[in-house]
Each structure stands twice: as C-alpha cells, then as structure tokens.
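*Asks:* Pasting a structure below so you can have a look.
Throughout, read-outs are computed from the coordinates displayed, never taken from laboratory work. Since we're looking at a predicted model, the values are computed, not measured. Cβ coordinates were reconstructed from backbone atoms using ideal geometry, including for glycine residues, and neighbour counts include every protein chain displayed.
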Amino acid sequence: MGRVIEIDELTKRYGDTTAVDGLSFTVRPGRVTGFLGPNGAGKTTTLRILLGLVAPTGGSATVDGAPFGEHPRGLRHVGALLDAGDVHGGRTARAHLSALARTNGIPRRRADEVLAEVGLAEAAGKRVGGYSLGMRQRLGIATALLGEPPVLLFDEPLNGLDPEGVLWVRGLFRRLADEGRTVFVSSHLMSEMENTADDLVVIGRGRLIAAEGVVAFAARGARLSVTVRTPDAAGLTAALTAEGAAVRPVQDGALSVTGLPAARIGELACRGGVPLHELSPRTASLEEAFMELTADSVEYTAKETP
C-alpha cells in the first residue's frame, strides 16, 4: 500500500533567506519516520513544498514518483495535518469532513467513521470554533485519515493532546505503518520520537544532518557512558582515570564513566578489590544526541541569566 516520499536536492529561497538548502532524503513505507530539526530548520517549508502549497526554488519533492499536484483527488493519495487551526470555526466537524469527502470522491460515511476513530463522535455536530486545541488536533488527524491514503504527513500532531491522546496517537502511527503506509511525522518532542519512530530525518538550517534509524542516531550523537556505584568512589576513580577514562559524580552518589566499556570497568574494580553495587551501561538519549548534533544549527538560543 505504501508509497515512497523522495526529496531530491530540494531548495527554497525567500529573498536572501534560504529556508531549504539542497535537501535530499527518502521516506519509505511500513515505517514511522520522524522529521526533526531546531526551530527555523525548514521542516514546515519542506512539508508545504511536498504538498504543493509552496513552489521550490530548485530540486524536487515527490510521492510515488510524481509531485503531489499531479495526483487527482489528493486526499486519497496523501493525508496531511499541517495546521489544526485551519478550519472554518462556524462549521461542524461532520460538515467539514463531508465537504472534503465530496470534493475528493470519498463516500460520505467516511466522515462519521473517522470522527469515531479519533474520539470525536459525540462532538461531530458541534461547531469547530468551540473545540479545544486537542479536539482540533484530533479533527486534523481525522482529515488526514479521511481518504484512507497510503501516505500520511503530520506536522506537530501532539500539540494540545492530553496523555491519553498522546498514547492513542502513538498507537495510531504504529498501526498505520504496520498496514504498510508511509508515515512521516514532524515533531519537536524528542521523547515521543524515541518511543514512536523507526527512522529519523534530522535537518538544520535547511540542510540534512542525518537520515537513519533511531538507535543509530542516538548512538553516534553522543558518547556512551557507564553508571557505577561503589562505596570506594575515590579508589575506583583513581583506577579508571589511570586507564584514560573520564569520571564524574552524578546524582545519588553514583559515578558516570566515559571512555571505557562496562566490562573493562568491572575488571579494573575486581583487580583493585573495589566492590561494585551497580555497573550499568547507558546509551545516549535521542534528545542528547539531537542537542549535540544540531548545536551548530540552532537559530535562536536563550542566554543564561546572571
């Protein structure tokens, strides 16, 4: 069912500002692919070009080998949530989806089906202007699902959702990918991408930083460390630093060790007669890797207060 998204040397300039700069990557079906980058990195511009809402300065953005505009009845081909607030507030959710269904050759029953799927069945007859942000997000997701498309794009889909809603969206993305659909999710929530995505596309200042699996990205983005607990912190620190490791104290009296694997730390402790209460290898979190690899691409940074 799924189709490939292909971004090839994509460039977009607004006057003297380059929003997207020679960007190339591929998003494949059957996977949840997270689209990450600091504010101003070019994520939304890339998605808008992909949907034919913005013309590129150069390069191409295609779905299944063709620009979005060349596919008739677009909602059957690509479903998207870009701005949950972009709905006429005077319409009911049912009327909004029914109108989209008619113009895309979709059976009207789908409006009620997707409203039930996203948890808005009881609010289907209410005007959207009275919806909360979380309800608008659910309506935006319902809109994306309306045509049962093989490709789905979501820009910050978790905004305004409560914890139950976040869990529901996480399960929804997994199910859609398992059905063979192509699921492309732009988000600034690193923890959610760590729990949801299979692959990542990371950009900064409009350029590609990484396109790989979540585990591979986290592993190369920051040094691995080992958490150690011992009643003889001074003795162990001396033994480890003599071997070239970096040792620093962390919370609850533990030590964080980098530069040596856990097995070697255990050997040195045994040789020196140092008892160990904990020896836990720790991989970098996605957020740590993201912060390290995008540090040079952050457009706006807060200054520390004196």
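*Asks:* Rounded, prolate or oblate for region 223-283? Axes are the square roots of the Cα gyration tensor eigenvalues, ordered a ≥ b ≥ c, and the cut-off for rounded is a/c under 1.5. Don't jump to the answer; show the numbers that get you there.
*Replies:* Numbers: a/c = 1.37, a/b = 1.12, b/c = 1.22.
Here region 223-283 falls in the rounded category.
*Asks:* Would you be so kind as to identify which of LEU276, GLY244, ALA234 lies farthest towards the positive end of the dipole of region 223-283, taking Lys and Arg as +1 and Asp and Glu as -1 on Cβ and the Cα centre as origin?
*Replies:* Of LEU276, GLY244, ALA234, it is GLY244.
*Asks:* What net charge is computed for the residues neighbouring LEU276, neighbours being all others with C-beta under 10 Å from the C-beta of LEU276, Lys and Arg scored +1, Asp and Glu -1?
*Replies:* Values: positive: ARG229; negative: ASP232, GLU278.
Here the count lands on -1.
*Asks:* Report the relative contact order of region 98-254, percent, no decimals, based on alpha-carbon pairs under 8 angstrom and at least 6 residues apart. Each step should come with its number before you reach the end.
*Replies:* Numbers: 130 pairs, mean separation 20.4, N = 157.
Computed value for region 98-254: 13 percent relative contact order.
*Asks:* Sorted by mean Cβ packing within 10 Å, highest first, what order do the peptides 97-107, 200-210 take?
*Replies:* Working: 97-107: 15.8, 200-210: 21.7.
Per-residue Cβ counts within 10 Å, averaged per peptide and sorted highest first, yield 200-210, 97-107.
*Asks:* If you add up the charges near GLY160, with Lys and Arg at +1 and Asp and Glu at -1, over every other residue whose beta carbon is less than 10 angstrom from its beta carbon, what do you get? Can you show the working numbers first?
*Replies:* Details: positive: ARG136, ARG138; negative: GLU156, ASP162.
Net charge around GLY160: 0.
*Asks:* Follow-up question, since we're still on this one. Between THR182 and residues 5 or more places away or on another chain, which pairs have amide H atoms under 5 Å apart, with H built 1.01 Å from N, and which residues are they?
*Replies:* Correct list: ARG3, GLY30, VAL151, LEU152.
*Asks:* Percent relative contact order of region 223-283, based on C-alpha pairs within less than 8 angstrom and at least six residues apart? Please list the in-between numbers first.
*Replies:* Details: 102 pairs, mean separation 31.4, N = 61.
Across region 223-283, relative contact order equals 51 percent.
*Asks:* Which whole-number percentage describes the relative contact order of region 5-220, with Cα contacts under 8 Å and a sequence gap of 6 or more?
*Replies:* Working: 438 pairs, mean separation 64.8, N = 216.
Dividing the mean separation by the residue count of region 5-220 yields 30 percent.
*Asks:* So which GluC sites (Glu not before Pro) in region 196-283 pass both tests, a DSSP loop state and at most 11 other Cβ atoms within 10 Å of the Cβ?
*Replies:* Numbers: sites: GLU212, GLU243, GLU267, GLU278; in loops: GLU243.
Taking region 196-283 and a limit of 11 other Cβ atoms within 10 Å, no loop GluC sites (Glu not before Pro) are found.
*Asks:* Out of residues 5 or more away from ARG282 or on other chains, whose amide H comes under 5 Å of its own, with H placed 1.01 Å from N in the peptide plane?
*Replies:* Answer set, sorted by chain and number: SER225, VAL226, THR227.
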